Amino acid sequence: MNNSNADNRPTATFPPRLFPSYGDLLAMLGIFFVAQVAVTLIGALVLLFSGRGMVDLEPVELGRFLALSSFVSCTATALMIWRYRRWRKAPKIHIALGLKGLNPLLIGWCYLLMMAVSVVLEPLYELLPSPNQNFGRGVWAFMAVVIIAPTLEEWICRGQIFGSLRSRYGVVRSLVLSALIFGVMHVQPVPVLNAFVLGLVLGFIYHRTNTLWSSIILHALYNGTAFALTVAGYGESSFRELFGAHESLYMLFYVVALLMMV
């Protein structure tokens with residue numbers, strides 16, 4: 001019996017999934033959480049063997065601990081996402097790091113926009129559980145909040161994730177998806193919502209200026225403002241509380257912020 005025809009039959013082939021699929025987005029988000037949990041557990045075990053716990057750390061020690069853990073976890077996340085992209089045979093992306101596109105005026109305007117968004121959304125934040133955010137004090141805490149987190153988070157969310165999305169889905173859809181991932185990374189309800197909205201602005205300025213330094217600087221300015229307010233003792237205060245009994249002034253402030261955002 002001649003099996004030559006059977007041997008020459010075309011075999012069914014399935015095209016590889018285009019990168020990034022929604023499954024890839026979940027995988028990259030999972031990589032971030034795995035790195036966070038692993039580094040936190042290792043740090044907690046080190047403290048445990050030293051006879052101490054997180055609650056026993058002084059504010060300066062807590063700042064040092066968080067700076068180290070955030071650097072290690074975010075660096076590990078960036079490296080694992082890079083390896084994951086290679087495993088998926090994803091198209092190469094160019095993470096723009098030039099200084100040519102830096103626009104101080106645009107950065108300043110986007111900073112005001114981010115602050116305006118925080119004011120406008122504050123009534124919604126007050127309906128949600130208060131976030132538990134204690135990043136300690138001192139130089140190391142400043143490094144963690146203002147330098148390490150903005151630099152590495154922008155490399156991951158705008159550089160790697162938004163850059164991957166933009167090559168397949170276009171700008172608008174990529175802005176929303178990358179901002180959503182950036183929001184979920186912050187876990188607690190208020191930071192999730194806040195980070196999602198801010199992620200839209202950060203993604204926009206990265207795309208608009210074509211340099212990651214723009215979003216890093218903007219992210220650092222926003223975090224630096226939050227850090228300064230916390231150090232000054234106003235970290236848990238709302239804008240309404242800062243105005244005290246001057247309700248009319250607060251309403252005027254709110255309307256100005258709303259108009260600026262629009």
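Each of Tyr84, Cys110, Leu128 was scored by the projection of its Cα onto the charge dipole of segment 77-136, and the greatest displacement toward the positive side belongs to Tyr84; charges sit on the C-beta of Lys, Arg, Asp and Glu.
Here the 3J(HN,Hα) profile of segment 247-262, calculated from phi with Karplus coefficients 6.51, -1.76 and 1.60 at θ = phi - 60°, is 5, 5, 5, 5, 5, 4, 4, 5, 5, 4, 5, 5, 5, 5, 5, 5 Hz, Gly and Pro shown as x. The fraction of accessible area contributed by carbon and sulfur in segment 118-262 is 69 percent, rounded to a whole number (1.4 Å probe; ligands and nucleic acids excluded).
Karplus-based coupling profile of segment 109-126, in residue order and whole Hz: 5, 5, 4, 4, 4, 5, 5, 5, 4, 4, 5, 5, 7, 4, x, 6, 4, 5, with θ = phi - 60° in 6.51 cos²θ - 1.76 cosθ + 1.60 and x standing for Gly or Pro.
Local charge for Ile148 was computed over the other residues whose Cβ lies under 15 Å away, with Lys and Arg +1 and Asp and Glu -1, and equals -1. Highest mean packing comes first when the peptides 252-260, 52-60 are listed by Cβ atoms within 10 Å, giving 252-260, 52-60. Using a Gaussian network model of the chain in which every pair of alpha carbons under 10 angstrom is joined by a spring, one finds that among Phe19, Phe49, Phe243 the greatest mean-square fluctuation is at Phe49. Packing around the peptides 107-115, 37-45, taken as the average count of other Cβ atoms within 10 Å per residue, puts them in this order, highest first: 107-115, 37-45.
When you count the other C-beta atoms within 10 angstrom of each residue and take the mean per peptide, 149-162, 221-234 line up highest first as 149-162, 221-234.
Taking the Cα centre of segment 164-262 as reference, the dipole from Cβ charges on Lys and Arg (+1) and Asp and Glu (-1) amounts to some 560 debye. Dipole size of the chain about its Cα centre, with +1 on Lys/Arg Cβ and -1 on Asp/Glu Cβ: approximately 1380 debye, rounded to the nearest 20. Here the Karplus relation 6.51 cos²θ - 1.76 cosθ + 1.60, evaluated at θ = phi - 60°, turns the backbone of segment 141-153 into coupling constants of 5, 4, 4, 5, 7, 9, 10, 5, 4, x, 5, 6, 5 Hz, with x for every Gly and Pro. Return the label of the correct value of Kirkwood radius over Cα pairs in Å, as calculated from the structure shown, out of [x] 21.7; [y] 20.5; [z] 19.8. It is the one labelled [y]. Against the chain, whose longest principal axis is taken from its Cα atoms, helix 212-231 shows a tilt of about 40°.
The distance linking segment 27-64 with segment 192-220 is 27 Å (Cα centroid to Cα centroid, whole angstrom). Relative to the longest principal axis of the Cα atoms of the chain, the long axis of helix 171-184 lies at roughly 60 degrees.
The values are calculated or read from the model by the stated rules, or taken from the named source; none is laboratory data. Computed from a predicted structure; not experimentally measured. Don't worry about glycine lacking a Cβ; one is built from the backbone with ideal geometry, like all the others, and counts go over all protein chains shown. Only protein heavy atoms, including side chains, enter the accessible area calculation; ligands, DNA and RNA are left aside. Shrake-Rupley method; radii C 1.70, N 1.55, O 1.52, S 1.80 Å.
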